[in-house]
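Chemist: Below is the structure I would like to discuss, written out as structure tokens.
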Amino acid sequence: MSARFSLASLVLLLALLFAGAAQAVKPDEVLADPALEARARLLSEGLRCMVCQNQSIDESDADLARDLRILVRQRLVAGDTDRQVMDYIVSRYGEFVLLKPRFSPRNSLLWGTPVILLLVGGIFIVLTTRSRRSLATKALSAEEQAALDRMLSD
Amino acid sequence: MVETGHFALVLAFVLSLVQTLVPLIGARTGNQRLMAVGGPVTVTGFALTALSFAALAGAYASSDFSVASVWENSHSLQPLIYKITGTWGNHEGSMLLWVLILTFFGALVAAFGSNLPATLRANVLAVQGAIGATFFLFILATSNPFTRLNPAPIEGRDLNPILQDLGLAIHPPFLYLGYVGFSICFSFSVAALIEGRIDASWARWVRPWTLVAWMFLTGGIAMGSYWAYYELGWGGFWFWDPVENASFMPWLAGTALLHSAIVMEKRSALKIWTLLLAILTFSLSLLGTFLVRSGVLTSVHAFATDPTRGVFILCILTLFIGGSLALFALRAPRLTAGGLFHPISREGALVLNNLFLTTATATVLVGTLYPLAVEALSGGKISVGAPFFNLTFGPLMLPLLVVVPFGPLLAWKRGDVFAVAQRLMAAFAAALLAMLVTGLFIDGASVFAALGVGLAFWLVCGALTDLAVKSGFGNVAPSIMLRRFAGLPRSVFGTALAHLGLGLTVLGIVGTLCFGTEKILSMHAGESVELSGHTLRFEGLYPAQGPNYSEDRGRFSLIGADGGIAAEITSAKRFFPVRQMTTTESGIETLGFSQLYLSLGDEGTDGSVVVRLWWKPLVTLIWGGAFVMMAGAAMSLLDRRLRVGAPSRRRKPAATMPSAGVP
């Protein structure tokens, strides 16, 4: 019998610990130059640990994540720009490694949803309130006016 | 006892079918006796589900390893509290908790809904019964918690050590009370669509249920966030993980629903939209259940690899979401639109709130499902993680948060935005001051940090301004003002508290993200380290023994200003032999609203140990703010208006709001 530990909702988040006690960046990895180290940390937060999912390499304790962290730092020390480091890693591991997908036709719906929805929703609201306001302020028909006059004169 | 529980579950399933069909037929044919069947059947169904749940909890408490679920998820050496909470710390048990709460809410409607129109009540119970029936069938067919083992094993396989925490006692029940609470709003909406009309009692009923569900969901999410924060050992409080998103989407949609229901109740406008939102909110709850339970997410969370469950829930999902939306498309045009309003008005502000919240919900939804869609359609793999959500969700929330203080101060129908801006001058000045102080006097404060702090103060002071203006501050004598303040409707306090809590949460997030500091180092016993003005001395590692684990405790002393020991902090690495797993117990010292957080890493060969240390300024406000939001919801529930029945039925004043804790 295989044990299936499908646990209560968010509870499952804690299963991240399966990756081991959370000791991501180790003291021996830290670069001497604080500016370079800060850049390395920022880049690491955008890179996915490929073996433990939904964790960045900055948070993960897996060996592969450590290798990637060291790789990022090596490239930075070698003088790469942030962009060059990311390109290098994507060329080796594929786009899957990026936690923030690139702007590409394939991802257009992903990036476009908030913008499109906000625009369409906004336009819809403006149009409906406009049409309903004009409806509300429309002059009374002769019939209605007559009825009103009758009521008022009573 | 276990067989009794199993039998009760089967009976509850059959009763839920009766609950679905008989009142529905009664409502269609106008047969009072058939409609009246709904109430007693619903209450009995709840009693049977409770019996079934008690039987399972009993099996867990007494470590009856002849039950497969208990054997897989419990151990005789576990402390009793974790034996009991282990009941819902697994798939089967948590589904049973899900239906228990579902039938509980149904029973509340049955017990206290006597002042509802008979057909509406019958239809609501029927829809609630239908949801129940599908989930009972799901449990019995694919996830039976009462499956026996023969021969019975002598010892269990232990509860996942990460779940052996007090968080498991609070987080899932709260989350489910929220998730499933929205089922009532859903049932009311579908019932209204079946009837083809939305009447006054509909509006009065939906809002309190939304408030109850929202309150518990807020608590559940906040509790989950704090649990992850202290248990995972790196001090993150939100990960944009698909499973978190699954609970966050109903929260966002529920927040929108909460606000549009106000417009509907007060001004009988936005009826159709509110109805749709109620359907969507519970649909997102169902979707969340599907995402978590089916294992469709390639997430660390989803361990279930059995597709039968996934397909089953997908069928439930299609039935209810598709069915209700089809019904909506069919019937909504017949519903009459409500009152008119000028764009600059309280209604207009609430519409704006809804626009941003629904867009945010859709963004989270698309972000969560996009990798699945890409993989299914093109076979490619992409990741959508925290950086994406921060970049999209953040900018969507920003304008919304800026306009929050305006909303409650605007008049209904037609408001004066300049008059409101004038009243908010003090709050604006306070926010500006906070921004300047942050930018000029705090080292390393970025422009974002200053803006964030300003925004938080704007929200908090805006909420206070609302109360001040409504009690007549500056216009009347202080004594009259006090009297007016005390006489304000509780829903006004509710709104102010909820918005104030939001401000506190924002302040906590900004404080932690922008001013937090971190240190990673190896330490020997006796060494000291300084972080953001706090000095910590590592006293050494000490082995200790728990009931079902062994641990190495790292003891640290916080050195006070006088050089003495101000506090002791302990962080541990626990080893659970049954599952061969290690967990980190972080050491946390709360100083004011801020926390000093540390966790232990690997031991070096020279007796040193890796220590990660964080200073997290104002971090407790993140969850404190959520708690204040809950208090706001509770305050709104106590509003007299929500406890008083429909005007025509004044005879039973306390009956409409069962969950409000009628005094």
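Chemist: Any idea which residue in the stretch B:203-243 is surrounded by the fewest Cβ atoms within 10 Å (Cβ to Cβ), counting only those that are under 30 Å from B:Ser491 (Cβ atoms) and charged (D, E, K, R)?
Modeler: B:Arg204
Chemist: Now, a different point. Conditions: (1) at pLDDT 85 or above; (2) within 13 Å of chain A (Cβ to nearest Cβ); (3) out of contact with any Gly (no Cβ under 6 Å at 6 or more places or on another chain). B:Thr255 meets all but one. Number of the miss?
Modeler: With respect to (1) at pLDDT 85 or above; (2) within 13 Å of chain A (Cβ to nearest Cβ); (3) out of contact with any Gly (no Cβ under 6 Å at 6 or more places or on another chain), B:Thr255 is out only on (2).
Chemist: For B:Ile194, which of the numbered conditions (1) within 30 Å of B:Thr119 (Cβ to Cβ); (2) buried (at least 24 other Cβ atoms within 10 Å of the Cβ) fails to hold?
Modeler: (2)
Chemist: Taking the condition in contact (Cβ under 8 Å) with a residue 40 or more places away in the chain, in contact with a helix residue (DSSP H, G or I) (Cβ under 6 Å, 6 or more places away or on another chain) and not small (Gly, Ala, Ser), does B:Ile154 pass?
Modeler: Spelling it out, it is not the case that B:Ile154 is in contact (Cβ under 8 Å) with a residue 40 or more places away in the chain, in contact with a helix residue (DSSP H, G or I) (Cβ under 6 Å, 6 or more places away or on another chain) and not small (Gly, Ala, Ser).
Chemist: Does the stretch B:218-226 contain any residue that is over 19 Å from B:Thr358 (Cβ atoms), assigned to a helix (DSSP H, G or I), at the interface with chain A (Cβ under 8 Å from one of its Cβ atoms) and not small (Gly, Ala, Ser)?
Modeler: no
Chemist: Applying the selection to the stretch A:81-96, what residues are outside any helix (DSSP H, G or I), surrounded by 13 or more Cβ atoms within 10 Å (Cβ to Cβ) and either outside the structural domain of A:Glu45 (by TED's automatic domain parsing) or modelled with pLDDT of 90 or more (or both)?
Modeler: Correct list: empty.
Chemist: Further, regarding this structure: Give B:Ala450, B:Ala431 a once-over and let me know the one that is more than 14 Å from every other protein chain (Cβ to nearest Cβ), buried (at least 20 other Cβ atoms within 10 Å of the Cβ) and under 30 Å from A:Leu98 (Cα atoms).
Modeler: On inspection, the qualifying residue turns out to be B:Ala450.
Chemist: Is it fair to say B:Met581 is in contact with a strand residue (DSSP E or B) (Cβ under 8 Å, 6 or more places away or on another chain) and modelled with pLDDT under 90?
Modeler: Yes, satisfied.
Chemist: Considering only residues that are touching a residue at least 60 places away in the same chain (Cβ under 8 Å) and aliphatic (A, V, I, L, M), which ones fall in the stretch B:585-603?
Modeler: B:Ile588, B:Leu596, B:Leu598
Quick grid of which residues meet (1) at pLDDT 90 or above; (2) in a helix (DSSP H, G or I); (3) within 11 Å of chain A (Cβ to nearest Cβ):
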| residue | (1), (2), (3) |
| --- | --- |
| B:Arg331 | no, yes, no |
| B:Gly338 | no, no, yes |
| B:Asn353 | yes, yes, no |
| B:Phe389 | yes, yes, yes |
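Yes/no per residue for (1) free of Cβ contacts under 8 Å to residues at least 40 places away in the same chain; (2) under 29 Å from B:Phe239 (Cα atoms):
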{"residue": "B:Phe312", "(1), (2)": "no, yes"}
{"residue": "B:Leu335", "(1), (2)": "no, no"}
{"residue": "B:Ser345", "(1), (2)": "no, no"}
{"residue": "B:Ala362", "(1), (2)": "yes, yes"}
{"residue": "B:Gly367", "(1), (2)": "no, yes"}
{"residue": "B:Pro371", "(1), (2)": "no, yes"}
{"residue": "B:Ser378", "(1), (2)": "yes, yes"}
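Chemist: Somewhere in the stretch A:53-64, is a residue surrounded by 13 or more Cβ atoms within 10 Å (Cβ to Cβ), facing chain B (nearest Cβ under 8 Å) and of a type outside the set (S, T, N, Q)?
Modeler: Scanning the stretch A:53-64 turns up at least one residue that is surrounded by 13 or more Cβ atoms within 10 Å (Cβ to Cβ), facing chain B (nearest Cβ under 8 Å) and of a type outside the set (S, T, N, Q).
Chemist: Can you find a residue that is part of a strand (DSSP E or B) and over 30 Å from B:His75 (Cβ atoms) anywhere in the stretch B:568-585?
Modeler: yes
Chemist: Check off (1) within 13 Å of chain B (Cβ to nearest Cβ); (2) in contact with a strand residue (DSSP E or B) (Cβ under 9 Å, 6 or more places away or on another chain); (3) part of a helix (DSSP H, G or I) for A:Val72 and give me the number that stays unchecked.
Modeler: Every condition holds for A:Val72 apart from (1).
Chemist: At least 2 residues that are at pLDDT below 95 and more than 27 Å from B:Thr210 (Cα to Cα) in each: list the helices (runs of 4 or more DSSP H) lying fully within the stretch B:7-116 that qualify.
Modeler: It comes to B:32-61, B:68-73, B:80-85.
Chemist: Does any residue of the stretch B:99-112 turn out to be crowded, with 24+ Cβ neighbours inside 10 Å and among the hydroxyl-bearing types (Ser, Thr, Tyr)?
Modeler: Yes: one or more hits.
The values are calculated or read from the model by the stated rules, or taken from the named source; none is laboratory data. Predicted, not measured: the structure shown is a model, and the values here were computed from it. Don't worry about glycine lacking a Cβ; one is built from the backbone with ideal geometry, like all the others, and counts go over all protein chains shown.
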